[in-house]
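This report concerns only the one structure given below.
Throughout, read-outs are computed from the coordinates displayed, never taken from laboratory work. Keep in mind that this is a model prediction, so the values were computed, not measured. Because the Cβ atoms are built from the backbone with ideal geometry, glycine has one as well, and the counts that use them run over all protein chains shown.
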Amino acid sequence: MANQTFELTREQQQILLQGLRFVRSSVELDVQDYSEAIAADRKARYAQIGELEEIVNSAPISEAASV
């Protein structure tokens, strides 16, 4: 995967973070019978979501986003 740099407005950043919280909640609320494989998958998904949150939080904030 290629690395890309992007700038966000504060509003865009908040929208993305809200979406990631929704995704995290959907992982939490996914009802499945417990198994170690499911627990490991859920943990991996949480880690991926956390990485995305870090990327969004560290993106430069601009007054007006350039598209």
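Return the residues of the stretch 29-48 that are assigned to a helix (DSSP H, G or I) and out of contact with any helix residue (DSSP H, G or I) (no Cβ under 8 Å at 6 or more places or on another chain); say none if nothing qualifies.
Within the stretch 29-48, L29, E36, A37, I38, A39, A40, D41, K43, A44, A47, Q48 meet the criteria.
Would you mention how many residues in the stretch 49-67 are over 18 Å from the mean Cα position of the chain (by Cα) and either surrounded by 10 or more Cβ atoms within 10 Å (Cβ to Cβ) or assigned to a helix (DSSP H, G or I) (or both)?
Qualifying residue count for the region: 2.
Report yes if Q4 is among the polar types (S, T, N, Q) and touching a residue at least 12 places away in the same chain (Cβ under 8 Å), otherwise no.
Against the criterion (among the polar types (S, T, N, Q) and touching a residue at least 12 places away in the same chain (Cβ under 8 Å)), Q4 does not qualify.
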